[in-house]
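Peer 1: To start, I am sharing the structure in question, which I have written as structure tokens.
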Amino acid sequence: MLTNPRLVANRQKLFGNARAIVSECRSRGIAVAGVTKSFAADPALAEAMVEAGISQLADSRLENLVALTHLPLPKLLLRLPMQSEIPEVVRYADISLNSELDSITRLSQAAVAQGRRHQVILMVDLGDRREGVLPEELDQLVRSAQGLPGVELLGIGSNLTCLSGVLPTEAKMRQLLQLTVDLRRRYSLALPLVSAGNSSCLHLVYQGLMPAGINHLRIGKAITLGREAAFGCRLPGTHDDVFTFQGEVVELRRKPSLPDGEIVPNTFGERPEFLDQGERRRAVVACGRQDIDPGSLFPLDPGAAVVGASSDHLVVDVTESREPYAIGDGICFRVGYSSLLAAATSKYVKKLTV
Ligand SMILES: *Cc1c(COP(=O)(O)O)cnc(C)c1O
């Protein structure tokens, strides 16, 4: 039975994180869509989020929402729909984020054809330059999309930080709110939802700086990692070790810390620099960039340090460790976001829930 490498999820800790964040948001009038994409929408973990009080289940991949069909909450598709998946979007998602009139029109046609209603959140780009129309284009999009049969304009949304690292500020949030308020008045629309963003908005919530009227966030990272995403600060009452990754030691030898020879870029086009620390005790661990991102993997053993990784080999310096490592032992790590994404989607990594 192959058991390494493995990604171990602690359901109770995930539940605790979701409950702490949902409670904080709820006390400030904000509903939370629980985002499941970082753990490939594992149903047991999604259920823990549901128990913790999230309002919708959200994912960017339709396949993941399909896997959650049995859970009784509205499903929110986070990535703008592909035209090639429109009928399935209407069938499996109750709500989607949109910025293209052509896609909304097709959603409308599919909804009518299936006898269903589909709710749409219109996305506005507040500066991160990923999805969304520019603020001055929003009026035209609302005017064209309102009244399409089968679709309901549920609200206005934005997303920051993900692509360009633009920080959600109180001013950006006020801008989003003002745009929504103006549209409500101009078109006599309810537009009940103001969906301000992702885990990078939580610092505003926790500092009491989120303007009243912002009433929806889409939160994944903070629930899985126990940190807000703008500054990486730990959130009170959460765990940062919901997920742990374990790899198995296949070589353990003392070697010089410096490479020997002429240097060209490595497999990944990088030229890593190494400090001369003399001879070190190094473990080769049987996993690699197909399964983790070495820059987002943190040994639980304080005496161990990640040196680097290629596709299938991870090198860990264990010179300072007090653990009596041997070949065949596991080394455990806390994961950052990119390692969690990679491990959750690598078919070579066994998934366990405790
Ligand atoms: C992934 C995603 C989120 C959730 O982001 P986290 O940083 O995991 O909280 C929210 N909105 C959209 C559009 C996303 O793609």
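Peer 1: Can you pull out the residues in region 291-332 that are in contact with a helix residue (DSSP H, G or I) (Cβ under 7 Å, 6 or more places away or on another chain) and among the polar types (S, T, N, Q)?
Peer 2: Within region 291-332, Ser296 is the sole residue that qualifies.
Peer 1: Which one of these does Glu262 not meet: (1) away from the ligand (no atom under 16 Å from the Cβ); (2) touching a Lys or Arg at 6+ places or on another chain (Cβ under 9 Å)?
Peer 2: Tallying (1) away from the ligand (no atom under 16 Å from the Cβ); (2) touching a Lys or Arg at 6+ places or on another chain (Cβ under 9 Å), Glu262 fails exactly one: (2).
Peer 1: Would you point out the residue of region 232-259, among those that are over 20 Å from Asp293 (Cα atoms) and either of a type in the set (A, V, I, L, M, F, W, C) or without any contact (Cβ under 8 Å) to a residue 12 or more places away in the chain (or both), that is nearest to the ligand (Cβ to nearest atom)?
Peer 2: It comes out as Leu235.
Peer 1: Would you confirm whether or not region 130-145 contains a residue that is open to solvent by less than 30 Å² (accessible area, probe 1.4 Å), charged (D, E, K, R) and either without any contact (Cβ under 8 Å) to a residue 40 or more places away in the chain or within 16 Å of the ligand (Cβ to nearest atom) (or both)?
Peer 2: yes
Peer 1: Among the listed residues Val151, Val89, Val124, identify the single one that is away from the ligand (no atom under 16 Å from the Cβ) and hydrophobic (A, V, I, L, M, F, W, C).
Peer 2: Val151
Peer 1: Could you list, in sequence order, the residues of region 191-214 that are open to solvent by 20 Å² or more (accessible area, probe 1.4 Å), touching a helix residue (DSSP H, G or I) at 6+ places or on another chain (Cβ under 7 Å) and among the small types (Gly, Ala, Ser)?
Peer 2: The answer is Gly213, and nothing else.
Peer 1: Anything in region 211-256 that is acidic (Asp, Glu) and under 16 Å from the mean Cα position of the chain (by Cα)? List them, or say none.
Peer 2: Hits for region 211-256 are Glu228, Asp240, Asp241.
Peer 1: Still on this structure: Among the residues of region 244-266 satisfying the criterion of being among the acidic types (Asp, Glu) and farther than 14 Å from Ile327 by Cα, which is surrounded by the fewest Cβ atoms within 10 Å (Cβ to Cβ)?
Peer 2: This residue is Glu262.
Peer 1: From the list Ser346, Ser310, which one is under 27 Å from the mean Cα position of the chain (by Cα), small (Gly, Ala, Ser) and closer than 28 Å to Ala44 by Cα?
Peer 2: Ser346
Peer 1: Six or more apart or on different chains, Cβ under 7 Å: which pairs go from a residue in region 204-220 that's of a type in the set (S, T, N, Q) to one that's within 15 Å of the ligand (Cβ to nearest atom)? Could you list them?
Peer 2: That search, which allows pairs on different chains as well, returns Asn215/Ile30; Asn215/Ala31; Asn215/Leu193; Asn215/Val194.
Peer 1: Here's something else I'd like to know. When Cys162 is evaluated against the numbered criteria (1) open to solvent by 50 Å² or more (accessible area, probe 1.4 Å); (2) more than 13 Å from the ligand (Cβ to nearest atom), which criterion, by number, is the only one it fails?
Peer 2: All conditions pass for Cys162, except number (2).
Peer 1: List every residue pair whose Cβ atoms sit under 6 Å apart, with the two residues 6 or more apart in sequence or on different chains, where the first one lies in region 154-180 and is under 22 Å from Val120 (Cβ atoms) and of a type in the set (Gly, Ala, Ser) and the second, anywhere, is assigned to a helix (DSSP H, G or I) and within 15 Å of the ligand (Cβ to nearest atom).
Peer 2: Within 6 Å, the pairs are Ser158/Leu176.
Peer 1: Looking for something buried (at least 21 other Cβ atoms within 10 Å of the Cβ), over 30 Å from Ser346 (Cβ atoms) and within 16 Å of the ligand (Cβ to nearest atom) - is there at least one such residue anywhere in region 215-228?
Peer 2: For region 215-228, residues buried (at least 21 other Cβ atoms within 10 Å of the Cβ), over 30 Å from Ser346 (Cβ atoms) and within 16 Å of the ligand (Cβ to nearest atom): present.
Peer 1: A follow-up question, please. Could you list, in sequence order, the residues of region 18-63 that are within 16 Å of the ligand (Cβ to nearest atom), more than 13 Å from the chain's Cα centre (by Cα), open to solvent by less than 30 Å² (accessible area, probe 1.4 Å) and not hydrophobic (A, V, I, L, M, F, W, C)?
Peer 2: Correct list: Gln56 only.
The values are calculated or read from the model by the stated rules, or taken from the named source; none is laboratory data. The shown structure was predicted, so the numbers you read here are calculated from the model rather than taken from an experiment. Using ideal geometry, Cβ is built from the backbone for each residue, glycine included, and neighbour counts are taken over all protein chains shown. Heavy atoms of the whole protein, side chains included, go into the accessibility calculation; ligands, DNA and RNA do not. Shrake-Rupley method; radii C 1.70, N 1.55, O 1.52, S 1.80 Å.
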